[in-house]
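Since the structure comes first, as structure tokens, the remarks are kept for the end.
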Amino acid sequence: MRVVLLSSLLLCLGQALTVMPPLSGIGSTAEHLPLAQKAMNYFDSSSDPFFAVQTSIDMLLEAGFEELDDMKPYSGRVVPGGRYFYTRNKSTIVAFAVGEDYKPGHGGFKVIGGHTDSPNLRVKPRSKRNAKGTQTVQIGVECYGGGLWHTWFDRDLGICGRVFVRSQSGSIQQKLVKIDRAILRVSNLAIHLQNAEERKGFSPNKEDHLSPILATAATKSLSQTEGSDDTAGESEGTANVEEGKEGTTKDGWTEYQEPLLISLLASELHLNNTDIVDFELSLFDIQKAALGGVHSEFVHSARLDNLASCFLAVQALVECVDDEDILVGDKDINMVVLYDHEEVGSSSAVGAAGPILNEAVDRISAALSEDGNASADERDATIHRSFVLSSDQAHALHPNYASKHEKSHQPRMNGGMVIKRNANQRYSTNGVTGLVMREVARRASLPPLQEFIVRQDCGCGSTIGPLISTATGIRAIDMGCPQLSMHSIRETMGTCDLTNGLKLFKSFFQYFREVDESVDQ
């Protein structure tokens, strides 16, 4: 019976795929599934900024990009027709391909910008959390960014990030770790234990109610060093670091970490507990990205804001470098910059308000100049010929909350990319930059771009576009794929919009220069 039911289900699914209706004017949903599956693999692999950068690196290396040592001069290494990348803090990445006809002062930078970070729970610098009398082991976490924190309750959570390890020679190395199983959970309070007021509105206290459970106290006691009479000891073979215990080792860090967490990390990395000297760790939902809807017209995943933009930007650059119609005869530099820290304001050395893009323009321009030192006049000409397509996700019309959307600006999923505007400069789009991108879409025969502005009685978010323009003087536009549930632990976007976005990004690299030169500015 089970075999018959499974066969029937597969037959129905196959029939559904063959009769999928056209969406976005570019074919049925089935045509977009291969790209959607590739994107979902990217989303699943990129559980935090460090892994988002590493996943992007893997794509770039496969496409023949060369990694630059950011601590050495670029002169002599960057040449027309070349393809390169470098990273900062391992959480921000810059990738670029130099047009074969690039000449200093006569070309510009065509930049697609995005961000690698998403709201999440991050392990506190001192991870040990005292919860006496509860018979559970918890770790301390803090909220990163503006998340919908109620969505983090009752989810299966893994942990990932980078771990700093002391080698036998005494040097400190960084290692990525990803524990992709349900080792942590933030549980809801049962309805029977809530009063009437608490049932009306769920408003957890971030400090008191978001600490995840790692283990039971009984489990912890099994890992203690023999002879320890409380829960402050470490697992077998490591130093007992209980504060105040005679003969213990104190280094100002280890004694404040949850021993079970250290043991878990050491086990995953095949290290001794004492090798670990620091970490930056994030929690993530281990549920994989999935297709949704009757016709698979939706993608449900964590971190679509802003991994969707990151994936599309890198994929577009990778496809463009192998397309002779795009790079041959190109006078510009095609670039992707994926920043960290957008969700907390971008004010950091690796954020969009920092020096990264300015430095990239200066160093790459100098490396491509005849004498290895581009003049101020050449630099200014380059800046004025440059353009940033800042890509961050946009708000799709929510059918259950339609009144929250401005009546004439209601982007729909699978309806194409969205231009984001705000008269008060929360977004960088203006008349010229919006027109340029609409013309790019028109020349590429893409669906008309959608428009979004926020209702005047609602607050307006912001993104990296205005920060980049302020820091560099480069023109910019803010755009994104429409989605629902932004900043939830799990978000939703249209399957076809991945195709829409990829085609627009590739068209930007291909058509921007001729469109820009046709517009009176």
Select from the stretch 325-336 the residues that are over 16 Å from the mean Cα position of the chain (by Cα), under 21 Å from residue 476 (Cβ atoms) and not acidic (Asp, Glu) and write down the one among them that is most open to solvent (accessible area, probe 1.4 Å).
331
Reported set for the stretch 348-370 where residues are open to solvent by 20 Å² or more (accessible area, probe 1.4 Å) and not aliphatic (A, V, I, L, M) is 348, 355, 358, 359, 362, 363, 370
Within the set of pairs 6 or more residues apart or between chains, which connect a residue that is part of a loop (DSSP other than H, G, I, E, B) inside the stretch 349-365 to a residue that is open to solvent by 50 Å² or more (accessible area, probe 1.4 Å) with Cβ atoms less than 7 Å apart?
350/89; 352/467; 353/347; 353/467
Failed condition for residue 139, given (1) at pLDDT below 95; (2) more than 30 Å from residue 427 (Cα to Cα); (3) open to solvent by less than 50 Å² (accessible area, probe 1.4 Å), with all others met?
(1)
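Those residues that are part of a helix (DSSP H, G or I) and touching a residue at least 40 places away in the same chain (Cβ under 8 Å), I need them from the stretch 260-273; list them, please.
Just the residues of the stretch 260-273 that are part of a helix (DSSP H, G or I), to begin with: 260-269, 273.
Scanning the stretch 260-273 gives 260, 261, 263, 264, 265, 268, 269.
Does residue 277 count as part of a strand (DSSP E or B) and surrounded by fewer than 23 Cβ atoms within 10 Å (Cβ to Cβ)?
Answer is yes for this residue.
Return the residue satisfying two criteria in turn: it lies in the stretch 406-435 and is of a type in the set (S, T, N, Q) and closer than 21 Å to residue 494 by Cα, and of such residues it is least open to solvent (accessible area, probe 1.4 Å).
Applying the first criterion (of a type in the set (S, T, N, Q)) to the stretch 406-435 yields 408, 410, 414, 422, 424-425, 428-430, 433.
Cutting the leftovers down to closer than 21 Å to residue 494 by Cα gives us 408, 410, 414.
Values: 408: 97, 410: 70, 414: 11 Å².
Looking at residues that are of a type in the set (S, T, N, Q) and closer than 21 Å to residue 494 by Cα, I get 414.
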Filter result for the condition that a residue is open to solvent by less than 10 Å² (accessible area, probe 1.4 Å), closer than 30 Å to residue 325 by Cα and within 16 Å of the chain's Cα centre (by Cα), over 496, 481
481
Note on residue 323: of the conditions (1) in contact with a strand residue (DSSP E or B) (Cβ under 9 Å, 6 or more places away or on another chain); (2) over 21 Å from residue 159 (Cβ atoms), unmet is (1)
Condition test on residue 305, is it crowded, with 18+ Cβ neighbours inside 10 Å and either of a type in the set (D, E, K, R) or not in a helix (DSSP H, G or I) (or both)?
yes
Please enumerate the residues belonging to the stretch 189-218 that are of a type in the set (D, E, K, R) and touching a residue at least 60 places away in the same chain (Cβ under 8 Å).
206
Test residue 78 against the stated conditions and say whether it is outside any loop (DSSP other than H, G, I, E, B), open to solvent by less than 40 Å² (accessible area, probe 1.4 Å) and touching a Leu at 6+ places or on another chain (Cβ under 9 Å).
no
Identify, please: which residue in the stretch 309-324 is more than 18 Å from residue 108 (Cα to Cα), over 17 Å from the mean Cα position of the chain (by Cα) and not aliphatic (A, V, I, L, M) and is, among those, most open to solvent (accessible area, probe 1.4 Å)?
324
Odd one out for residue 477 among (1) in contact with a strand residue (DSSP E or B) (Cβ under 7 Å, 6 or more places away or on another chain); (2) part of a loop (DSSP other than H, G, I, E, B); (3) under 29 Å from residue 107 (Cβ atoms)
(2)
Would you please name the residue that is surrounded by the most Cβ atoms within 10 Å (Cβ to Cβ), looking only at residues in the stretch 158-172 that are closer than 22 Å to residue 45 by Cα and over 18 Å from the mean Cα position of the chain (by Cα)?
163
Given the structure, is residue 463 in contact with a helix residue (DSSP H, G or I) (Cβ under 7 Å, 6 or more places away or on another chain), buried (at least 23 other Cβ atoms within 10 Å of the Cβ), at pLDDT 95 or above and not charged (D, E, K, R)?
yes
Residues 63, 95: which one is touching a Phe, Trp or Tyr at 6+ places or on another chain (Cβ under 8 Å) and over 20 Å from residue 187 (Cβ atoms)?
95
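The values are calculated or read from the model by the stated rules, or taken from the named source; none is laboratory data. None of these values were measured; they are calculated from a predicted model. Positions of Cβ are backbone-derived with ideal geometry, glycine not excepted, and every protein chain shown enters the neighbour counts. These area figures cover heavy atoms from the full protein model, side chains too; ligands, DNA and RNA do not enter into them. Shrake-Rupley method; radii C 1.70, N 1.55, O 1.52, S 1.80 Å.
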